[in-house]
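Undergrad: Attaching a single structure in structure tokens format; questions to follow.
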């Protein structure tokens, strides 16, 4: 099994440790991991802002770069969801059949559904509050969306339970948006900040020391809010907890 | 071309892909004790359901619940305490002072405590204008859900019919629930 | 970078106490909706069936309109057809005028809001009285609804108390909701008793039987139509369902989705005119037939106006109904406004973080968020795209298309650590409003990789090989 590691642009620049943790996890599980160096961005920021045409060349490049792998795996639910849900439509406009959309996975769903990992080394003796991100929940089904009457599940919870010492919490309004939303965060700053403050507050109310989740973009937004308000909470991507023994 | 013809032609012309009608076979909720479910939901709506016991007199039971009621409207033959027959009223506006109206319901629905009341009276306004409303319902006529209710709905060739679930209510001021907006301030369903 | 929505949202949020109350109160309605939805094991099956029934009905609408109008006419209802708002208003006025109506009582109808019927009738000398409590409060205040189901949700009880003191002579400083509701009951009872005609909207039209189905909690629609000899129904043509069997599905979904009640207090079926009276039905197109041809937005025609998408929308809850420029706010309103006029209502398209919660609560499964995403793609062609977002998108494309440039940028970035990640660098101020900027790592993942610093846990790795 050959996996192409997809490290979204902002993770690359701001949270390389999330990429490193992802690599370590996959490598530990015996997977042949490669990082194609010419990758840049999936195109979601432009598309969500209304400039899908600017994302088309990036989608085409993405598809070419990752074509030779059995799976494409990335530590960002939102970016993965964009490739899976939107790249086929974007590439259709160019008369190109998308080949990666069917084999791309967020690292949590990959570990949970494909590798079916059932034990991990290491300890993380901390209280964490799971941030169920919108695209993780409602596009990738990483957990049962709170609006739906379907059996309850959470892939992130299942994975975190493999790490010794983790105490798992979830906030009130369990999967409400944190207010990031790409360019929404800067086009509607008041609403976005207000959503972020409410979300961080709900996480803090659980008594957790860390907010963790599958989307660094949400974590980045909430971290910005928490730092501005000097709130006593830390942030960590779920892969970093899962790789704590590696 | 009439507006109707224009609209229909436009609609026809604009429909691109036609979708099939699904088979409506909902695996809908059933209750082991429909009467208990009906009663419990009715209570949450601010209404009340009581079962008439074999040794109880219907008129006395209603009277005991509404001791103050003076003007009582009903066209049901078994309601001897009625003071007004809405079928003999020339003008519905004259029914404004009714304290209590008593009507017959035909279907009760356990899932939401609504009762089907077809307009089997000349002036249906009694169902809404009375301060309090009593609906008589045969407890064998309580069904599980709305699918069952609509499947056996009888309109009796009437002009109007209504499912009533609890008393009139509103929460338009700060979402604070207030019972008795325009219609009945209280609803009693007597299960016979 | 800001839209009219952005600016109005700023003002709404500036009153933090009000924003918090509004947010929490509407989320409480969402919680109630969740609770009743979870009580029905068949909930998702219902939503799916409702979606299919509506898709079927609207794509066979010509047939159902014929069936419905034929049936209604056979029931003695006089059916009128209005291509647009103007024709609708003219028809209603003509009916009222020919019956010498001086006072009309109305129950809640978003369609008559859409058509601006009230001012049209008032200009022509007809007294129009809204009878839904929330609508009446707003009418007395000369305001529009800020929510389609809870029209006065933006008001506090003290404001209603003040209004009633002035208009209904209630006690000074008494803002108890029960007291105020009783006062409105007495006041509106008089209006019902003295009205010459009653008007209602329609939640559903049943093609097979000709029934007009109206759902209320207050009983105001029934009070009006049971007293008055003249009943006029205004109905958008997408409100049809094929038959009573189909209707059952929707009566189970509507109130649960809207307010978290298992059903509304009154689900009224109007089939024939009152004895000795008249019942008129105005079937309105007003742009709906155009939406039928629009495959990207056709699903808006499934809407049953429950308002669940507003209650769940994290943006609506924190910005209020008046922050939107279209008369219907929230996710469905963003889309309906764009269908009405993209040039006029594009300011609402920013009011969405693409969280997709609306899609999940919608009882008829309208793809609300996907549609907003699609509208964003078109803003540029309407000349309504934000120039800054455009520059940023063009800039990002330029950089991301050039991996070498991107990696060079990654290397430079830490030196400019006061800047956010590359693609927001033009939006510094807006990000900085309530958030600290993220700091670039001293080495990006790409450069760690290039330097061979991304390594696995060798020993364990070997175990697996």
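Nothing in this text is a laboratory measurement; each read-out follows from the coordinates by a stated rule. A quick note: this is a predicted structure, and the numbers were derived from the prediction, not measured. Methodologically, a virtual Cβ is constructed for each residue, glycine included, from the backbone with ideal geometry; neighbour enumeration extends over all protein chains shown.
Undergrad: Can you list, largest first and rounded to whole Å, the semi-axes you get for chain C by taking the square root of 5 times each eigenvalue of its Cα gyration tensor?
TA: Numbers: eigenvalues 469, 136, 93 Å².
Three semi-axes, in Å: 48, 26, 22.
Undergrad: When the chain is fully extended, how far beyond the present Cα-Cα distance does residue C:401 get from residue C:98, taking 0.36 nm per residue of separation?
TA: 102.2 nm
Undergrad: Sticking with this one: For the stretch A:127-242, what relative contact order do you get, as a whole percent, if you take Cα pairs closer than 8 Å and at least 6 residues apart?
TA: 32 percent
Undergrad: Further question on the same structure: Per q in 0.07 Å⁻¹, report the Debye log10 I(q)/I(0) for the protein assembly as shown, using one uniform scatterer on each alpha carbon and no solvent.
TA: Summing over Cα pairs of the protein assembly as shown leads to -0.61.
Undergrad: Can you put C:407, C:318 in order, fewest other beta carbons within 10 Å first?
TA: Listing C:407, C:318 from fewest to most nearby Cβ atoms yields C:407, C:318.
Undergrad: Listing B:182, C:5, B:93 from the residue with the fewest other Cβ atoms within 10 Å to the one with the most, what is the order?
TA: B:93, C:5, B:182
Undergrad: Which percent of the Cα-Cα distances in the stretch B:68-115 go past 18 Å?
TA: 40 percent
Undergrad: So if I average 1/r over every pair of distinct C-alpha atoms in the stretch C:1-123 and take the inverse, what Kirkwood radius in Å does that give?
TA: Details: mean 1/r = 0.0507 Å⁻¹.
It is 19.7 Å.
Undergrad: Another question, if that's okay. What does a probe at residue C:48 reach in the stretch C:356-391, counting residues whose amide N is under 17 Å from the point 7 Å along Cα→Cβ?
TA: C:360-367
Undergrad: Given an 8 Å cut-off on Cα distances and at least 6 residues of separation, report the relative contact order of the stretch C:232-389 as a percent.
TA: So the answer I get is 21 percent.
Undergrad: How compact and how long is the stretch A:127-242, expressed as Rg and Dmax of its alpha-carbon atoms in Å?
TA: Gyration radius and largest Cα-Cα distance of the stretch A:127-242: 13.4, 42 Å.
Undergrad: On to the next question. Would you list A:40, B:67 from fewest to most Cβ contacts within 10 Å?
TA: On the way: A:40 26, B:67 6.
Lowest to highest Cβ neighbour count: B:67, A:40.
Undergrad: On C-alpha positions alone, give me the angle between the axis of helix B:34-44 and the longest principal axis of chain B, in degrees, nearest 10.
TA: 90 degrees
Undergrad: For chain A, what proportion of DSSP beta bridges, expressed in % and rounded to the nearest 5, is antiparallel? The partial results should precede the final answer.
TA: Values: 2 of 23 bridges.
If we restrict to bridges inside chain A, about 10 percent are antiparallel.
Undergrad: Taking the alpha-carbon centroid of each part, what is the distance from the stretch C:104-162 to the stretch A:109-167 in angstrom?
TA: Their Cα centres are 48 Å away from one another.
Undergrad: What FRET efficiency, computed as 1/(1 + (r/R0)^6) with R0 = 51 Å and r the Cβ-Cβ distance, is obtained for residue C:156 and residue C:66, rounded to the nearest 0.05? Can you show the working numbers first?
TA: Details: r = 49 Å, r/R0 = 0.95.
Computed FRET efficiency for residue C:156 and residue C:66: 0.55.
Undergrad: For helix C:244-258, what angle does its Cα long axis make with the longest principal axis of chain C, in degrees from 0 to 90 and rounded to 10?
TA: 60 degrees
Undergrad: Rounded to the nearest 0.05, what FRET efficiency do residue B:3 and residue C:78 give with R0 = 22 Å and r taken as the Cβ-Cβ distance? Could you check?
TA: That gives a FRET efficiency of 0.95.
Undergrad: Counting each pair of different Cα atoms once, what's the Kirkwood radius of the stretch C:58-180 in Å, rounded to one decimal? Show your work: numbers first, answer last.
TA: Working: mean 1/r = 0.0591 Å⁻¹.
About 16.9 Å for the stretch C:58-180.
Undergrad: For the residue pair residue C:39 and residue C:411, what label-to-label distance in nm results when each label sits 7 Å from Cα along the Cα-to-beta-carbon direction?
TA: 6.5 nm
Undergrad: Determine the distance separating the Cα centre of the stretch C:252-302 from the Cα centre of the stretch A:13-27; give it in Å without decimals.
TA: 53 Å
Undergrad: Could you tell me the convex hull volume per residue, in Å³, taken over the Cα atoms of the stretch A:2-115?
TA: 88 Å³
Undergrad: Hey, another quick one. Tell me, what is the Rg over Rh of the stretch C:279-377, with Rh the Kirkwood radius over Cα pairs?
TA: So for the stretch C:279-377, dividing Rg by the Kirkwood Rh gives 0.96.
Undergrad: Using alpha carbons only, how many degrees (0 to 90, rounded to 10) separate the axis of helix C:330-340 from the longest principal axis of chain C?
TA: Taking Cα atoms only, the helix is inclined about 80 degrees.
Undergrad: Using only the alpha carbons of chain A, what is the convex hull's orientation-averaged projected area in square nanometres? Display every interim value, and only then the final one.
TA: Values: hull surface 50.8 nm².
With every direction weighted equally, the projected area is 12.7 nm².
Undergrad: Does chain B come out rounded, prolate or oblate, given a ≥ b ≥ c as the square roots of the eigenvalues of its C-alpha gyration tensor, rounded meaning a/c under 1.5 and, failing that, prolate meaning a/b above b/c?
TA: prolate
Undergrad: Please give the Cα centre distance for the stretch C:11-38 versus the stretch A:207-228, rounded to the nearest Å.
TA: Cα centroid of the stretch C:11-38 versus Cα centroid of the stretch A:207-228: 23 Å apart.
Undergrad: Still on this model: Using every alpha carbon pair in the stretch B:133-192, what percent of pairs falls into each 10 Å bin from 0 up to the bin containing the largest distance?
TA: Spelled out per bin, shortest first, that is 18, 38, 34, 10, 0.
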